[in-house]
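**Student:** Before I ask anything, here is the structure I am working with.
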Amino acid sequence: MEITYAIEPDDFVAFNLSYIQGNPVMRANIRNTRMISSGIILIGGCILMQVLQVLNILTAAVYVALSIAVFFAVPVLMKRRVRKSILRMLARPQNKNICSDKTMTLTENELILTGGGEDSHYEYQVVERVTEDDGHYFIYVGAMAALIVPFRAFSNGEEKAAFYKELCTRIQNGGGKIAA
């Protein structure tokens, strides 16, 4: 089975966001950043107001509201920063071939990805897991490396389902893993 598709910058952004959301360590880091940032604002603000001798219910409520706002703003700001960093990285001249037309071929023994200066061969046993978001399949061939297959590579849902079924069958028969 062979499919051809174009990789776009938003595909890389989607992969990184999917990785962050799916990795327990990254989720814990985000949770800790949210709690620590909120705590610093709340406790630091109240200590400052106490030192200035203006701590009262109103100033405490303002710092509670500010810490809650920061708690909910951190994930949004982190996603925005990831997106901006990925797009900046892809804009570098040495990365010009990353976003290009790709051809993925599922052979009996390996998965082949060609196009954009790439000719990579992966035995199915190196596949660690296959995940998906609302627009992509991510075929992990390393802890933080995945092949991205956008759903727009398929003309319809039946084609997409057939690809996924064939991919999973070949990975399992080749000794790879579908789920982590």
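**Student:** Suppose we keep only residues that are in contact (Cβ under 8 Å) with a residue 12 or more places away in the chain and surrounded by fewer than 16 Cβ atoms within 10 Å (Cβ to Cβ) within region 92-102. Which one would you say is farthest from Ile148 (Cα to Cα)?
**Tutor:** Taking the candidates together, the pick is Asn97.
**Student:** Is it fair to say Ser85 is open to solvent by less than 80 Å² (accessible area, probe 1.4 Å), touching a strand residue (DSSP E or B) at 6+ places or on another chain (Cβ under 7 Å) and within 21 Å of Leu147 (Cα to Cα)?
**Tutor:** Taking the combined requirement at face value, the residue does not satisfy it.
**Student:** Of the residues Ala180, Ala162, which single one is open to solvent by 30 Å² or more (accessible area, probe 1.4 Å), at pLDDT below 90, of a type outside the set (D, E, K, R) and not in a strand (DSSP E or B)?
**Tutor:** When all the criteria are applied, what remains is Ala180.
**Student:** Of all residues in region 128-159, which are open to solvent by 40 Å² or more (accessible area, probe 1.4 Å), of a type in the set (Ser, Thr, Tyr) and under 22 Å from the mean Cα position of the chain (by Cα)?
**Tutor:** Scanning region 128-159 gives a single hit, Thr131.
**Student:** Let me ask you something else. Select from region 9-45 the residues that are in contact (Cβ under 8 Å) with a residue 24 or more places away in the chain and more than 22 Å from Ile86 (Cβ to Cβ) and write down the one among them that is surrounded by the most Cβ atoms within 10 Å (Cβ to Cβ).
**Tutor:** Step one: list which residues in region 9-45 are in contact (Cβ under 8 Å) with a residue 24 or more places away in the chain, which gives 9, 11-20, 22, 30, 33-35, 37-39, 41-42.
Still in the list and also more than 22 Å from Ile86 (Cβ to Cβ): 35, 37-39, 41-42.
Working: Met35: 13, Ser37: 15, Ser38: 21, Gly39: 13, Ile41: 18, Leu42: 19.
So the residue we want is Ser38.
**Student:** Answer yes or no as to whether Ile139 is assigned to a strand (DSSP E or B) and either within 24 Å of Leu17 (Cα to Cα) or of a type in the set (A, V, I, L, M, F, W, C) (or both).
**Tutor:** It is true that Ile139 is assigned to a strand (DSSP E or B) and either within 24 Å of Leu17 (Cα to Cα) or of a type in the set (A, V, I, L, M, F, W, C) (or both).
The values are calculated or read from the model by the stated rules, or taken from the named source; none is laboratory data. In this text the structure is predicted, and so the values were computed from the model without any measurement. Here the Cβ is made from the backbone with ideal geometry for all residues, glycine too, and neighbour counts use every protein chain on show. What goes into the accessible areas is simple: the full protein's heavy atoms, side chains included, and nothing from ligands, DNA or RNA. Shrake-Rupley method; radii C 1.70, N 1.55, O 1.52, S 1.80 Å.
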